[in-house]
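Bear in mind these aren't lab numbers, they're just calculated from the coordinates by the rules spelled out. The structure displayed is predicted, hence computed values, not measured ones. All Cβ positions, glycine included, derive from the backbone under ideal geometry; neighbour counts span all protein chains shown.
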Amino acid sequence: ETGAALFTESRPDSLEAIAAGISACTRCPIGCNGTRAVAGEGRADAALMIVGEQPGDSEEQQGRPFVGPAGQVLRSHLAGAGIDPGQAWLTNAVKHFKFVLRAPSKRRLHQNPSAREIDTCRWWVESERLLVRPKMVLALGASAARSVLGKTVSVQKVRGLPQRLDDGAELWITTHPSYLLRLDEGARAGEEARFAADLAAAGARLRDLA
Ligand code: URA
């Protein structure tokens, strides 16, 4: 069994219950790797829910989302777009850190979650959305988009084109900030500008909705 079929209990009735639930969750291989789960954080009644991919090395160590290098890139661009992350609900498609140990440094090297892992963890993200009831969901990258939509979409095709979710919330999809970190200097400026433009459009719309 996969995805929602692995969850036979009723939906968590609080964000605290979700934090406890993900810490104990062993429904996919990442949940069984012995790392700490990273819960969403922010305003429980946020108008904006930001969904990333998964905690990275720093997030796993600190137990908080978006506190590492990609989180810094995100936070600086949010500021540029007039979006206060303190007013948002920040979370991830996958709640545990998936990595391989790279010899000889033993650095923990990020690995992408599989579709199956995203689809399993999706029940938790849906539960968060049912509680927070955001007016806008901002999905960062393909894993986050799959988490929200339940299917794979091309980020490059749908970025900047908001879509309405079944509960009326608007979904905005853009790239993941760690993608910007991987680009060489030549490509980076252009991609940063596109990311900034996506966030600026989402920020302007969010102020309309609020
Ligand atoms: N990248 C993510 O997708 N989420 C985090 O929490 C940190 C980095």
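What fraction of the Cα pairs in segment 13-209, stated in percent, has a spacing above 31 angstrom?
Everything past 31 Å amounts to 12 percent.
Work out from phi, with θ = phi - 60° and the Karplus expression 6.51 cos²θ - 1.76 cosθ + 1.60, the ³J(HN,Hα) of each residue of segment 170-187, listed in order in whole Hz, and give x for Gly and Pro.
Values, residue by residue: 9, 9, 10, 10, 9, 6, 8, x, 5, 4, 5, 5, 8, 7, 6, 4, x, 8 Hz.
Using the Kirkwood radius over Cα pairs, work out the Stokes-Einstein diffusion coefficient for segment 1-122 at 10 °C and 1.306 mPa s, in µm²/s as a whole number.
Once the numbers are plugged in, D ends up at 104 µm²/s.
Rank Gly150, Ala169, Ile50 by how far each Cα sits towards the positive end of the charge dipole of segment 13-209 (+1 on Lys, Arg Cβ; -1 on Asp, Glu Cβ) and give me just the farthest.
Gly150
In Å and from the alpha-carbon atoms only, list the Rg and Dmax of segment 1-69.
My reading of the Cα-based Rg and Dmax gives 13.0, 37 Å.
For the ranges 110-116, 149-155, 131-137, what's the packing order if you count other beta-carbon atoms within 10 Å of each residue, average per peptide, and put the highest first?
By packing density, highest mean first, the sequence is 131-137, 110-116, 149-155.
In nm, to one decimal, how far is the Arg188 label point from the Glu9 one, both placed 7 Å along Cα→Cβ?
Label-label distance for Arg188 and Glu9, simple model: 4.3 nm.
With an 8 Å cut-off on Cα pairs and a minimum separation of 6 or more residues, tell me the relative contact order of the chain in percent.
Relative contact order comes out at 23 percent.
May I ask you to work out the translational diffusion coefficient for segment 105-163 at 37 °C, viscosity 0.692 mPa s, via Stokes-Einstein with Rh from the Kirkwood sum over Cα pairs, reported in whole µm²/s?
255
Hey, quick one: spin label on Arg207, modelled 7 Å out along Cα-Cβ, who in segment 75-115 has an amide N within reach, i.e. under 15 Å?
78-85
Of Lys106/Lys151; Lys135/Lys157; Lys98/Lys157, which pairs sit farther than 31 Å apart, going by alpha carbon to alpha carbon?
Listed pairs above 31 Å: Lys106/Lys151.
Once Lys and Arg get +1 and Asp and Glu get -1 on their Cβ, which of Ile22, Ser10, Cys32 lies farthest toward the positive end of the dipole of the chain?
Going by the Cα projections, it comes out as Cys32.
Mind checking the dipole of the chain: about its Cα centre, +1 per Lys or Arg Cβ, -1 per Asp or Glu Cβ, Debye to the nearest 20?
Once rounded to the nearest 20, the dipole reads 420 debye.
Give me Cys121, Cys25, Cys32 sorted ascending by neighbouring Cβ count inside 10 Å, so fewest comes first.
Result, fewest neighbours first: Cys32, Cys25, Cys121.
Mind giving me the nanometre distance, one decimal, between the label points for Asn33 and Arg102, set 7 Å out from Cα along Cα→Cβ?
1.4
For segment 19-63, which trypsin sites (Lys or Arg not before Pro) are both in a DSSP coil and crowded by at most 11 other Cβ atoms within 10 Å?
Answer in residue order: no site qualifies.
Given 0.36 nm per residue, what is the gain on full extension from Arg164 to Glu1 after removing their alpha carbon distance, in nm?
Stretched fully, the Arg164-Glu1 segment lengthens by 55.8 nm.
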